[in-house]
1. Just checking, which of B:ASP205, B:ASP195, B:ASP244, B:ASP230 is within 17 Å of the chain's Cα centre (by Cα) and among the acidic types (Asp, Glu)?
2. Does the stretch B:175-197 include one or more residues that are assigned to a strand (DSSP E or B) and either in contact with a Ser or Thr (Cβ under 6 Å, 6 or more places away or on another chain) or crowded, with 24+ Cβ neighbours inside 10 Å (or both)?
3. Can you give me the number of residues within the stretch A:139-177 that are at the interface with chain B (Cβ under 10 Å from one of its Cβ atoms) and of a type in the set (A, V, I, L, M)?
4. Please go through (1) at the interface with chain B (Cβ under 10 Å from one of its Cβ atoms); (2) in a helix (DSSP H, G or I) for A:GLN180 and return the number of the only condition it doesn't satisfy.
5. Return only the number of the condition from (1) part of a helix (DSSP H, G or I); (2) within 11 Å of the chain's Cα centre (by Cα) that A:VAL153 does not satisfy.
6. Given the conditions (1) on the phi < 0 side of the Ramachandran plot; (2) touching a strand residue (DSSP E or B) at 6+ places or on another chain (Cβ under 9 Å); (3) surrounded by fewer than 24 Cβ atoms within 10 Å (Cβ to Cβ), and given that B:MET454 satisfies all but one, which numbered condition is not satisfied?
Amino acid sequence: MMHHDRSYGRPLSLLVAFLAGIWLTGTTAWAYEAHDAVSDVDVFRGLGIAASVAGILLLIFVQYVYRKRIRHGTYHRLLLVGVFLLPVTATWSTTTTVMEGTKMVQACASCHVMDPFVNDMKNQSSPTLAARHYRNNWIAKDQCYACHVTYGVTGTLAGKRDGFRHWLHYVTDTYPDPIQYVGSYSNSNCLSCHRGTNKWERVKSHQALLGELSADRIACITCHGPPHPLPDERAAAAANRTALVVKPRE
Amino acid sequence: MSHKPDAPNGLTRRELGRLLGVSAGLACLAPLTGCNSLWERQSVIPVDGWHKGVCRFCGTGCGVMIGVTNNKVVDVKGDDEAHNRGRLCIKGLATRDILYSEDRALYPMIRKDGELQRASWDEAMTLIAQRFRESIETHGPASVAFYGSGQLYTQESYTANKLFKAGIGTNNVESNARMCMASATTGYTATFGKDEPPGCYEDMDYADCFFITGSNTLECHPILWERVRDRKRSHPGTKIIVVDPRKTFTARHADLHLPIHPGTDVSLYNAMIYVFLQHNFIDRDMVENYLTFKDGEESRTFEEFKRHIAKYTPEAAAKTCGITPRDIREAAFLFATSKATMSLWTMGLNQQVQATHSNRLVSAMHLLTGHFGRPGATPFSISGQPNACGGVRDVGTLSHALPNGRLIANPKHREEMEDLWKVPRGRISPKPGYHTVQLFEALGRGDVKCCLVMCTNPGQTLPNVTAYRQGMEKAFLVVVDAFYPTETTKFADVVLPAALWVEKEGVTGNGDRRYHLYPKLVSPPGEVKSDLAILVELADRLGHGDLISARTPKDVWDEWRKISSHSAYNFEGITYERLQKERGLQWPCPTESHPGTKRRYLPGQDPMATGSGRFDFYGKHDRRATIWLDRQEEPVDPYADEFPLILNTGRILEHWHTMTITGSAPTLKGIQPDYLEIHPYDAYQAEVKDGDPVIVKSRRGEVELRARITEIVRPGMVFATMHSCRHLINQVTHDVYDPFSKEPAFKRCVVAVRRKSA
Amino acid sequence: METENPKVVYRTSVWVTIQLSLAVNCAIAGMACVLFFLWKGFGAWTIGVGTFVGMPLLMLAVLLYLGAVVTDLKTRGAL
């Protein structure tokens, strides 16, 4: 027993050290939003792929090929790696990839429902809030996420629920077209940057409305919107996918 | 997870199964249970149903979606499908609360022993009918008057107009729109022969140059301003020229700001035309085929017009206006050479002695340079009240006017209306009634004994108001308003409580000839009745019940739209059913299949333009628009040693008119408008510090305000808002008016400012 | 190091075996799903399969595994 323990202890500790090393590298990259060619999302994605491939192979071999030929203790220790350590690593990498990756504009743009929104945002002559924030570089990166922070790792549970619901509606094709925002948008997304600036503070109405704004009982975008093309403009843009520009209404 | 040591296996299995089953069940059932709060993002304000409507405030006519829960308006948001693209300003947002103000008038009141005391409807209406009848029988129909509002629904204004002009037989039918849009009316009519703008809001999406004159659009029409800004945001080359004596928020966004002295517009526009002529920025085809030139009643040639303009060199005008010749030349250059220029103006132009001149000169600039009739190229006057265009200008709720641009003074027009209203020929008095300032003078003289004031607050809004308050005191004054008290109810003999906004149904016409429907969504509070119901009852009690046969908003609208078909306004095709469906429709709209008209006087687009050329100015007999030879006049109220400053009045973003509505809205009431903007130099001279109480004094009266030292105003000029009832700036303003439109010149009078001694 | 009583022989229960085998299959399926997503990148279907199918499977696998280990240790009297 002791002999076998030792023979498995070494690779196991090596693996743990390896994973810890990757994890540390990962946190470093995370902390300093690196400008490297390889983003932290890529690192996590790679790690997830490695863990999944390793896990699948390990489990198939352990469970279905060598099950009878390996000792009971060995089997259990391999399962510890295959059913616990590697799945946990894969889960964690995938979560991070999803949480970090969905922040990127490309992730939003990957779904055609978002086309009118993303196209409008990148349209140099669109007057929408999204387009103006984008072209004036008011937000350096992850421009969609900056105003829709509910879906990140620090976002709300409701944000995750909405993501799941949207996905369900999408794959079952039960969403309204053009899509409509339901419920109250949280003004804190606007106020987190704008409140306290000179420009914001000197408008008397802002002070008068602060209570209502904080409670989301009125929306910043009512006066300053629309943030994105309106439903009928999006419908028109979607009908003519080749047209990037949302034209003024005739 | 607890466990029993004696049966670990089974328990684990059971517990695990239960856990999995319960969570899976919950996950699957959540959307089906109706617990949408768990499944979908919710609104902070729960709403039972959303209804399409229109904002209560200015003439922009923003579409709103009104959230109603349990017979109560609980939320208001912008309508994505309306021209405002889902936007609302802070006042529009406040419509959520306006119905539930503590200052609502809830029951009729009659003045007894000097006090307004609660009365029954029957008691109040009996008294009103008795006093009106007595007056009519003893002193003739001209001894009674109606003073309405650009906020009454079209059905209400129409019914009042018909009742007084064709029923009682007096043309003493006026409206507060006299103090707001009358000069735009005379300006358009002088140029095109027909009132109301030739263009539309959509032109803002195409203009490459905005000439904004006499309008603080950012604060007073914020949603239109956003549309202007959108154009500039998407086309950064778009130029914005702002003509305003103050460096308003609007002016701060301008590419070129011309801070002219109040009342010198005629010089500026003539000088701009001088530059057009000098550089030949003239549309020759327009001049040769579509324009005539007139000086008063006499015709002039284009050459004579040029000679007239020769006097207005930019150098001469610059001196009059207090700006530089280079600025005038640059403004003219930008105006003429853009692909499409749109002018926007409102009270700054309308409320001055030469208002009609200024209005028609702006139109003239467009016509001469050919910036007319193309998308983005149009002279466009913005409207201040939700229904000044529809209910007053179109209906003709003015003392000189009859419906659809007809005039009292024209016998043919009177006959047409007598036929349409099915009253005997000669029923409508040939004598125009008193215009607003005259009407309140007549009340003071005792020539008018009884006056019905509806939905407006002349006790605060009249210029030189102290003088006219005596008249209100003297006459039998019936005040119908949704709010109590107001500055006018102080003088009322009877106060009747009126329904507000979506407590009643009606149609309004906004600034771009668009008719909208306001649905009735909630029941009015207390004993409140709609203005239409009050007018109908008054008609019955005065014996004109047969004349006022249409008694519901829909019936009145049907009668009115059919009458419009006998004119160039023709909106017969704007049926109630279409209004319920559409986000407003723009007239002319002669048939139910007609989509409405965006731009007028264009054959092929305007159903009334039957000509075949580029334009058809069908309002004029010769089918040509008129350019007028207008001269800058000396100011009526000149500087004097004891009055060294010019007072200008205006508005702020957060309040509207006399604050009867916005003053009690929770989100707005904290914003104080009681201040006097004064330049640091003038403040230094008057030894006034920021925040000091100051007395503003004119030849007519004085008012106390707090000094706000700012460079928004030029040296020599002070500015106060027209909003507050605590400090009535109209005790100071001048009651001189434009001789054509009879619109008072609120924008200029000379004053002195001194620090209030402790 | 050897703390268990070597004389007592414990037979792994059927339930633990089933749990482990379930866990292994869930883990394989879960990791396959996750791999599909990570490999293909963002998309409606990949993210659905990867996060809404793969992730729960992986979590289930881990839970089953932990359950089996706990049960096993309890059977052995170690807990």
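1. Values: B:ASP205 fails: within 17 Å of the chain's Cα centre (by Cα); B:ASP244 fails: within 17 Å of the chain's Cα centre (by Cα); B:ASP230 fails: within 17 Å of the chain's Cα centre (by Cα).
Every option except B:ASP195 fails the conditions.
2. Start the filter on the stretch B:175-197 by keeping residues that are assigned to a strand (DSSP E or B), which leaves B:175.
If we keep only those that are either in contact with a Ser or Thr (Cβ under 6 Å, 6 or more places away or on another chain) or crowded, with 24+ Cβ neighbours inside 10 Å (or both) as well, we get B:175.
Yes: the stretch B:175-197 contains one or more residues that are assigned to a strand (DSSP E or B) and either in contact with a Ser or Thr (Cβ under 6 Å, 6 or more places away or on another chain) or crowded, with 24+ Cβ neighbours inside 10 Å (or both).
3. The number of residues fulfilling the criteria is 2.
4. Going through the list (1) at the interface with chain B (Cβ under 10 Å from one of its Cβ atoms); (2) in a helix (DSSP H, G or I), A:GLN180 breaks only (2).
5. Unmet condition: (1).
6. In the conditions (1) on the phi < 0 side of the Ramachandran plot; (2) touching a strand residue (DSSP E or B) at 6+ places or on another chain (Cβ under 9 Å); (3) surrounded by fewer than 24 Cβ atoms within 10 Å (Cβ to Cβ), B:MET454 misses (3) alone.
Matching residues to (1) surrounded by 15 or more Cβ atoms within 10 Å (Cβ to Cβ); (2) in the same structural domain as A:TYR181 (by TED's automatic domain parsing):
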{"position": "A:ARG69", "(1), (2)": "no, no"}
{"position": "A:TYR75", "(1), (2)": "yes, no"}
{"position": "A:LEU79", "(1), (2)": "yes, no"}
{"position": "A:GLY82", "(1), (2)": "yes, no"}
{"position": "A:LEU86", "(1), (2)": "yes, no"}
{"position": "A:THR95", "(1), (2)": "yes, no"}
{"position": "A:LYS122", "(1), (2)": "yes, yes"}
{"position": "A:ASN137", "(1), (2)": "no, yes"}
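Every residue, every condition in (1) facing another protein chain (nearest Cβ under 9 Å); (2) in contact with a Ser or Thr (Cβ under 9 Å, 6 or more places away or on another chain); (3) within 25 Å of B:HIS83 (Cβ to Cβ); (4) not small (Gly, Ala, Ser), yes or no:
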{"residue": "A:CYS190", "(1), (2), (3), (4)": "no, no, yes, yes"}
{"residue": "A:CYS193", "(1), (2), (3), (4)": "no, no, no, yes"}
{"residue": "A:ARG202", "(1), (2), (3), (4)": "no, no, no, yes"}
{"residue": "A:SER214", "(1), (2), (3), (4)": "no, yes, no, no"}
{"residue": "A:HIS224", "(1), (2), (3), (4)": "yes, no, yes, yes"}
{"residue": "A:HIS228", "(1), (2), (3), (4)": "no, yes, yes, yes"}
{"residue": "A:ASP232", "(1), (2), (3), (4)": "yes, no, yes, yes"}
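The values are calculated or read from the model by the stated rules, or taken from the named source; none is laboratory data. This is a predicted model, so every value here is computed, not measured. Cβ atoms come from the backbone with ideal geometry, glycine included; neighbour counts cover every protein chain shown.
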